[in-house]
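Colleague: Dumping the structure here so I can ask a few things about it.
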Number of protein chains: 2
Amino acid sequence: MLDDRKLAVLRAIVEDFVSTNEPVGSKSLVDRHNLDVSPATIRNDMAVLEEQGFIVQPHTSAGRIPTDQGYRLFVDRLSGVKPLSSAERRAIETFLAGAYDLDDVVMRTVRLLAQLTRQVAVVQYPSLTKSAVRHIELVPLTDRRLLLVLITDTGRVEQRTVDLPGQIGDEAITQLRAVLNACLDGRKLADVATVVAELPERVTAVERPNAAAVFSVIVETLVDRHEERVVVGGAANLTQADFSRGLHEVLEALEEQVVLMRLLGESGDHATVTVRIGSENEVRGLRSTSLVATGYGTGDQSLARLGVLGPTRMDYPTAMGAVRAVARYVGQIL
Amino acid sequence: MLDDRKLAVLRAIVEDFVSTNEPVGSKSLVDRHNLDVSPATIRNDMAVLEEQGFIVQPHTSAGRIPTDQGYRLFVDRLSGVKPLSSAERRAIETFLAGAYDLDDVVMRTVRLLAQLTRQVAVVQYPSLTKSAVRHIELVPLTDRRLLLVLITDTGRVEQRTVDLPGQIGDEAITQLRAVLNACLDGRKLADVATVVAELPERVTAVERPNAAAVFSVIVETLVDRHEERVVVGGAANLTQADFSRGLHEVLEALEEQVVLMRLLGESGDHATVTVRIGSENEVRGLRSTSLVATGYGTGDQSLARLGVLGPTRMDYPTAMGAVRAVARYVGQIL
DNA sequence: ACTTGGCACTCAGGACCCAGGAGTGCCAGG
DNA sequence: CCTGGCACTCCTGGGTCCTGAGTGCCAAGT
């Protein structure tokens with residue numbers, strides 16, 4: 001039902017509209033691309049495309065602009081992933097190379113993505129649940145409060161204060177620390193809950209209440225409270241694309257961690273770049289934006305996701321290229 | 001040169017303009033405030049105020065709007081700090097009460113300030129240099145890499161990886177850890193550099209290269225690299241105020257940590273709310289915004305600063321009230 | 001020495017109209 | 001199935017006009 005030329009026309013419309021931000025008409029199409037047919041023919045094709053819901057005209061007798069569905073077809077069948085220029089690759093490498101720690105990696109990644117794509121970059125912190133415990137440290141704050149510091153093998157550090165039911169002495173802390181590290185070191189965080197359940201037996205009875213408090217905080221921190229943060233950058237790029245009045249909505253959505261998590265979280269296996277276009281987004285307020293995202297992580301498993309967010313009128317091939325490349329490099333670094 | 005009535009007129013102009021966002025004319029002034037003089041009199045006063053540079057008219061025969069200098073006079077002499085309603089006070093308390101750790105406190109504070117003032121909130125992390133070392137932890141990652149975790153008495157946790165010149169064994173790590181904690185525990189971070197300089201003597205000669213690497217990272221982390229982060233929130237509120245095209249500039253400035261530091265950092269002793277209006281801001285791109293900021297911290301010393309940023313057309317008394325109140329509560333919590 | 005009413009003046013903003021042009025849909029002929 | 005021609009639509013930009021808010025100034029009043 002859609003022959004090759006119609007697809008070519010759709011592709012051309014998307015490309016032109018993305019670069020000019022103006023409805024594109026039959027005449028300018030035949031000029032700019034070398035379709036060797038007449039404008040009238042194109043018009044017929046466009047009529048069909050419109051009927052199928054891939055393009056619309058903002059008002060009678062204006063050019064056509066792609067619908068969300070049109071973009072969808074475009075990314076699915078009409079365009080590939082545009083690889084980065086070698087200059088860009090080098091830029092990525094040098095930019096990410098000097099990172100100190102995990103925080104720094106994430107921050108640099110956000111900036112990098114934002115600059116590269118001129119869109120809003122969104123990077124999720126590597127998930128806790130898929131990494132393993134490297135070390136647990138207990139530091140006394142007062143005689144009834146401890147600071148619990150938990151270090152994972154992805155280099156992430158979690159900290160929480162623990163309020164104890166009773167006083168605790170130095171030697172008790174030392175003992176507790178030893179037990180914790182002996183039992184939890186190297187364990188996948190996902191397994192920690194079950195291991196912790198067996199721990200109380202290993203502690204002397206008198207210390208059990210305090211130990212229990214610590215254990216429950218550990219479980220809470222690691223398992224229940226998936227405090228997986230999302231970092232946003234490049235919000236300034238939103239002002240270029242004209243969201244008319246929707247900008248406010250978009251900015252608001254970007255400040256809600258929960259919303260961002262929902263946005264990024266869904267679907268998409270590792271190493272595939274997924275695109276979510278306009279109304280496909282569940283998130284209210286981001287209905288006129290598109291998300292290009294992928295997973296990243298060490299080896300074959302995906303630790304978290306990152307991507308860019310922009311107006312539906314976005315250069316998808318380039319964005320996909322940048323997202324994929326950055327995800328790979330970040331994976332390498334971790 | 002400026003009698004009482006002229007000042008009253010300026011105050012009225014500021015208040016009206018802030019609430020309506022429209023140039024205010026002589027007629028509406030006498031209506032809305034009960035100045036019992038005629039519009040003509042007001043016009044004379046306004047002429048004087050304009051000559052002195054406190055107000056301008058956007059174009060001939062429009063009402064007047066305050067200049068930066070006008071706002072300055074307003075905050076300095078014509079308005080106080082508006083205390084919060086008791087409902088707002090309660091809101092602050094309950095909102096900040098449930099905070100887990102330092103990160104959480106900072107994040108909640110940002111949200112709170114943004115919601116309270118309907119402006120952009122800016123909160124600086126408590127400065128490292130003024131707090132003391134609580135604990136230092138070394139965790140082996142590989143045989144040539146350590147993770148250094150440093151805990152301060154304000155509950156802040158700093159982490160850095162250290163690349164060692166040579167291999168290191170478990171017992172060497174233990175020794176090093178003991179030395180570090182023995183010597184640095186409780187020291188003000190500002191003093192750490194001098195203490196560290198004396199440390200190498202306490203380590204066996206064979207371990208000195210590795211130890212030196214660790215020491216230099218410590219100094220770097222704590223002293224040289226004042227990586228004092230600033231967290232921004234409520235950027236969506238910027239869209240309400242019409243920055244015409246300057247919005248882009250403002251958003252860009254808000255993403256530059258360095259710029260924010262410069263903005264917040266200057267001047268202002270603890271517990272005073274300082275206001276920086278429009279062109280008084282050094283920062284290019286924030287010339288049409290105002291900052292209301294103050295220090296916060298435990299006891300009498302200021303650990304860091306927080307504030308709100310908005311258009312110069314801002315409700316200063318309320319903003320100042322909110323900033324002051326939030327700063328106090330946060331100080332209490334720490 | 002201020003204050004006041006009166007008056008002429010200015011100018012942004014909205015309503016209105018008009019022409020130009022880009023783009024379309026349709027149709028008949030190749 | 002493609003193409004040229006043609007009539008139609010309607011957005012866009014420019015121009016004009018008008019109105020209303022607001023001003024500055026002046027002369028008279030207190």
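Colleague: For the range A:239-257, how many residues are at pLDDT 90 or above and of a type in the set (A, V, I, L, M, F, W, C)?
Modeller: Qualifying residue count for the region: 4.
Colleague: While we're here: Conditions first: (1) crowded, with 21+ Cβ neighbours inside 10 Å; (2) over 24 Å from A:LEU148 (Cα atoms). B:VAL106 passes all but one, so which condition is the exception?
Modeller: (2)
Residues checked against (1) away from chain B (no Cβ under 12 Å); (2) modelled with pLDDT of 85 or more:
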{"site": "A:GLU93", "(1), (2)": "yes, yes"}
{"site": "A:LEU96", "(1), (2)": "yes, yes"}
{"site": "A:ARG111", "(1), (2)": "no, yes"}
{"site": "A:ALA121", "(1), (2)": "no, yes"}
{"site": "A:PRO126", "(1), (2)": "yes, no"}
{"site": "A:VAL139", "(1), (2)": "no, no"}
{"site": "A:ARG156", "(1), (2)": "no, no"}
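Colleague: Let me ask something else about it. Here is a list: B:VAL9, B:VAL18, B:VAL14, B:VAL24. Which entry is out of contact with any Ser or Thr (no Cβ under 6 Å at 6 or more places or on another chain), within 13 Å of DNA strand C (Cβ to nearest atom) and β-branched (Val, Ile, Thr)? I'd like the intermediate steps shown before the answer.
Modeller: Details: B:VAL18 fails: within 13 Å of DNA strand C (Cβ to nearest atom); B:VAL14 fails: within 13 Å of DNA strand C (Cβ to nearest atom); B:VAL24 fails: within 13 Å of DNA strand C (Cβ to nearest atom).
When all the criteria are applied, what remains is B:VAL9.
Colleague: Can you name every one of the strands (runs of 3 or more DSSP E) wholly within the range B:240-334 that holds 3 or more residues which are in contact with a Lys or Arg (Cβ under 6 Å, 6 or more places away or on another chain)? Give the derivation first.
Modeller: Details: elements: B:274-277, B:289-296, B:304-311.
Because the criterion is at least 3 residues that are in contact with a Lys or Arg (Cβ under 6 Å, 6 or more places away or on another chain), the strands (runs of 3 or more DSSP E) in the range B:240-334 that meet it are B:289-296.
Colleague: Of all residues in the range B:161-181, how many are within 13 Å of another protein chain (Cβ to nearest Cβ) and surrounded by fewer than 19 Cβ atoms within 10 Å (Cβ to Cβ)? Don't jump to the end; show me each part of the working.
Modeller: Let us first name the residues in the range B:161-181 that are within 13 Å of another protein chain (Cβ to nearest Cβ), namely B:161-163, B:170, B:173-174, B:177-178, B:181.
Cutting the leftovers down to surrounded by fewer than 19 Cβ atoms within 10 Å (Cβ to Cβ) gives us B:161, B:163, B:170, B:173-174, B:177-178, B:181.
The number of residues fulfilling the criteria is 8.
Colleague: To continue, here is another question. I need a count of the residues in the range A:27-50 that are charged (D, E, K, R), under 17 Å from A:PHE74 (Cα atoms) and more than 9 Å from DNA strand C (Cβ to nearest atom). Lay out the reasoning, then the answer.
Modeller: We begin by selecting, within the range A:27-50, every residue charged (D, E, K, R); these are A:27, A:31-32, A:36, A:43, A:45, A:50.
In the following step, the residues that additionally are under 17 Å from A:PHE74 (Cα atoms) were identified as A:45, A:50.
Those still in the list that are more than 9 Å from DNA strand C (Cβ to nearest atom) too: A:45.
Residues meeting the conditions: 1.
Colleague: Here is a further query. Considering only the range A:53-69, state which residues are within 14 Å of DNA strand C (Cβ to nearest atom) and buried (at least 17 other Cβ atoms within 10 Å of the Cβ).
Modeller: Start the filter on the range A:53-69 by keeping residues that are within 14 Å of DNA strand C (Cβ to nearest atom), which leaves A:53-66.
Across the range A:53-69, the qualifying residues are A:PHE54, A:ILE55, A:GLY63, A:ARG64, A:ILE65, A:PRO66.
Colleague: Does at least one position in the range B:204-217 carry a residue that is closer than 23 Å to B:LEU112 by Cβ and within 14 Å of chain A (Cβ to nearest Cβ)? It would help to see each step written out before you state the result.
Modeller: We begin by selecting, within the range B:204-217, every residue closer than 23 Å to B:LEU112 by Cβ; these are none.
Within the range B:204-217, not a single residue is closer than 23 Å to B:LEU112 by Cβ and within 14 Å of chain A (Cβ to nearest Cβ).
Colleague: Anything in the range B:27-52 that is touching a Ser or Thr at 6+ places or on another chain (Cβ under 8 Å) and of a type outside the set (D, E, K, R)? List them, or say none. If you could, list the steps in order and put the result at the bottom.
Modeller: If we filter the range B:27-52 for residues that are touching a Ser or Thr at 6+ places or on another chain (Cβ under 8 Å), which is where we start, we get B:30, B:39-40, B:42-43, B:46.
B:VAL30, B:PRO39, B:ALA40, B:ILE42, B:MET46 - these are the residues of the range B:27-52 that are touching a Ser or Thr at 6+ places or on another chain (Cβ under 8 Å) and of a type outside the set (D, E, K, R).
Colleague: Please go through the range A:1-19 and pick out each residue that is more than 13 Å from DNA strand D (Cβ to nearest atom) and exposed (fewer than 13 other Cβ atoms within 10 Å of the Cβ).
Modeller: A:SER19
Colleague: Select from the range A:187-226 the residues that are surrounded by fewer than 16 Cβ atoms within 10 Å (Cβ to Cβ) and among the acidic types (Asp, Glu) and list them in ascending order.
Modeller: Of everything in the range A:187-226, those that are surrounded by fewer than 16 Cβ atoms within 10 Å (Cβ to Cβ) and among the acidic types (Asp, Glu) turn out to be A:ASP191, A:GLU198, A:GLU201, A:GLU220, A:ASP224.
Colleague: Looking at the range A:52-74, which of the residues that are within 12 Å of DNA strand D (Cβ to nearest atom) and of a type outside the set (Val, Ile, Thr) is nearest to the other protein chains (Cβ to nearest Cβ)? Give the derivation first.
Modeller: Start the filter on the range A:52-74 by keeping residues that are within 12 Å of DNA strand D (Cβ to nearest atom), which leaves A:57-63.
Among the residues that remain, those that are also of a type outside the set (Val, Ile, Thr) are: A:57-59, A:61-63.
Values: A:GLN57: 29, A:PRO58: 24, A:HIS59: 26, A:SER61: 31, A:ALA62: 26, A:GLY63: 26 Å.
My answer is A:PRO58.
Colleague: Identify, please: which residue in the range B:31-48 is within 10 Å of DNA strand D (Cβ to nearest atom) and buried (at least 17 other Cβ atoms within 10 Å of the Cβ) and is, among those, nearest to the chain's Cα centre (by Cα)?
Modeller: Step by step, filter the range B:31-48, then rank; the result is B:MET46.
Colleague: Let me ask something else about it. Could you count how many residues in the range A:1-27 are touching a helix residue (DSSP H, G or I) at 6+ places or on another chain (Cβ under 7 Å) and among the small types (Gly, Ala, Ser)?
Modeller: 2
Colleague: B:ARG145 fails exactly one of the following numbered conditions: (1) closer than 16 Å to B:ILE333 by Cα; (2) of a type outside the set (Asp, Glu); (3) within 11 Å of chain A (Cβ to nearest Cβ); (4) surrounded by fewer than 21 Cβ atoms within 10 Å (Cβ to Cβ). What is the number of that condition?
Modeller: (1)
Colleague: Here's something else I'd like to know. Mind listing just one residue for me: the one in the range A:289-317 that is surrounded by fewer than 20 Cβ atoms within 10 Å (Cβ to Cβ) and either under 13 Å from the mean Cα position of the chain (by Cα) or among the polar types (S, T, N, Q) (or both) and, of those, modelled with the highest pLDDT?
Modeller: Residue satisfying both the conditions and the ranking: A:THR298.
Colleague: Go over the candidates B:LEU150, B:LEU184, B:LEU238 one by one and state the one that is within 14 Å of chain A (Cβ to nearest Cβ), buried (at least 19 other Cβ atoms within 10 Å of the Cβ) and closer than 30 Å to B:ARG287 by Cα. Lay out the reasoning, then the answer.
Modeller: Working: B:LEU150 fails: closer than 30 Å to B:ARG287 by Cα; B:LEU184 fails: closer than 30 Å to B:ARG287 by Cα.
Selected residue: B:LEU238, the only one of B:LEU150, B:LEU184, B:LEU238 that is within 14 Å of chain A (Cβ to nearest Cβ), buried (at least 19 other Cβ atoms within 10 Å of the Cβ) and closer than 30 Å to B:ARG287 by Cα.
The values are calculated or read from the model by the stated rules, or taken from the named source; none is laboratory data. None of the values given here were measured: they were computed from a predicted structure. As a convention, Cβ positions derive from the backbone with ideal geometry for all residues, glycine included, and neighbour counts pool all protein chains shown.
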